[in-house]
Amino acid sequence: MYNSHISDQELWLAVRNDDEYAFAVLFDRYWVRLYKTALRYLKDRENSEEAVHDVFLNIWDRRHQLDIESVPNFLLSAIRYQVYNRMRAAKPPVILELDNLEAGSFPDYNQGDFRIKNQELLQELSYYLEKLPKRCQEIFYMSRMENLSNQEIAVRLGISKRTVENQITVALKHLRSCFKQVSTMLCLYYVLFK
């Protein structure tokens with residue numbers, strides 16, 4: 001029905017009008033590209049396939065609400081979002097690794113207690129990060145957890161380096177404010193109840 005010369009925008013308009021065949025053409029046109037992008041980061045075939053299928057399922061389900069100007073750009077952002085969420089869910093970031101320290105270095109050191117407190121801190125960090133806009137979370141995660149430079153993040157997301165810097169500043173300001181309140185409450189609790 002559709003030849004290979006039909007534009008993405010024409011296909012998208014057909015999809016918005018519930019044309020399943022046009023949707024299948026878009027799927028075939030971009031599936032491999034999205035799969036390779038996901039696989040590059042997730043390093044897992046099944047998880048990468050699921051990420052791509054989730055992107056297309058979400059597009060089909062929301063076809064009447066979405067306003068897509070550039071299909072490739074939208075799909076690239078959508079697969080990045082899926083990859084980011086899967087990476088975040090699969091492996092919580094480790095802030096400090098103490099496995100290489102000698103046990104005798106700290107006489108009162110309790111490794112189990114430290115790991116529990118570290119995990120609680122990570123959960124608290126995740127909680128506060130979820131209060132930020134999704135793009136801000138993604139940029140912060142790439143900067144602090146994946147150790148990407150601002151330029152690398154800008155290239156990967158197709159945005160300016162200045163935008164990356166602004167988003168990291170917003171995230172850090174938000175986190176400082178949140179943790180400042182928490183530390184004040186902990187100090188007050190310690191003074192009043194210990």
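The values are calculated or read from the model by the stated rules, or taken from the named source; none is laboratory data. On a predicted model such as this, the values are computed, not experimentally measured, just so you know. So basically every Cβ, Gly included, is an ideal-geometry build from the backbone, and we count neighbours across all protein chains shown. Please note that ligands, DNA and RNA were not included when accessible areas were found on the heavy atoms of the full protein model with its side chains. Shrake-Rupley method; radii C 1.70, N 1.55, O 1.52, S 1.80 Å.
Hey, among the residues in region 109-132 that are open to solvent by less than 80 Å² (accessible area, probe 1.4 Å) and of a type in the set (D, E, K, R), which one's modelled with the highest pLDDT?
Taking the candidates together, the pick is GLU124.
Determine, yes or no, whether ARG135 is among the basic types (Lys, Arg), open to solvent by 60 Å² or more (accessible area, probe 1.4 Å) and in a helix (DSSP H, G or I).
Criteria met by ARG135.
Filter region 138-162 down to the residues that are free of Cβ contacts under 8 Å to residues at least 12 places away in the same chain, within 22 Å of ALA78 (Cβ to Cβ) and surrounded by fewer than 14 Cβ atoms within 10 Å (Cβ to Cβ), then identify the one that is farthest from the chain's Cα centre (by Cα).
Here the answer is SER160.
Any idea which residue in region 26-58 is surrounded by the fewest Cβ atoms within 10 Å (Cβ to Cβ), counting only those that are among the β-branched types (Val, Ile, Thr) and in contact (Cβ under 8 Å) with a residue 24 or more places away in the chain?
Result: THR37.
Can you tell me which of (1) within 24 Å of LEU157 (Cα to Cα); (2) of a type outside the set (Lys, Arg); (3) open to solvent by 80 Å² or more (accessible area, probe 1.4 Å) is the one GLU10 doesn't meet?
Only one criterion is unmet by GLU10, namely (1).
How about region 16-25: which of its residues are open to solvent by 80 Å² or more (accessible area, probe 1.4 Å) and assigned to a loop (DSSP other than H, G, I, E, B)?
Hit for region 16-25 is ASN17, nothing else.
Considering only residues that are among the β-branched types (Val, Ile, Thr) and open to solvent by 50 Å² or more (accessible area, probe 1.4 Å), look in region 163-192 and name the one that is modelled with the lowest pLDDT.
Across region 163-192, the extreme among qualifying residues is VAL191.
Could you tell me how many of the residues in region 60-77 are without any contact (Cβ under 8 Å) to a residue 24 or more places away in the chain and crowded, with 16+ Cβ neighbours inside 10 Å?
The total comes to 1.
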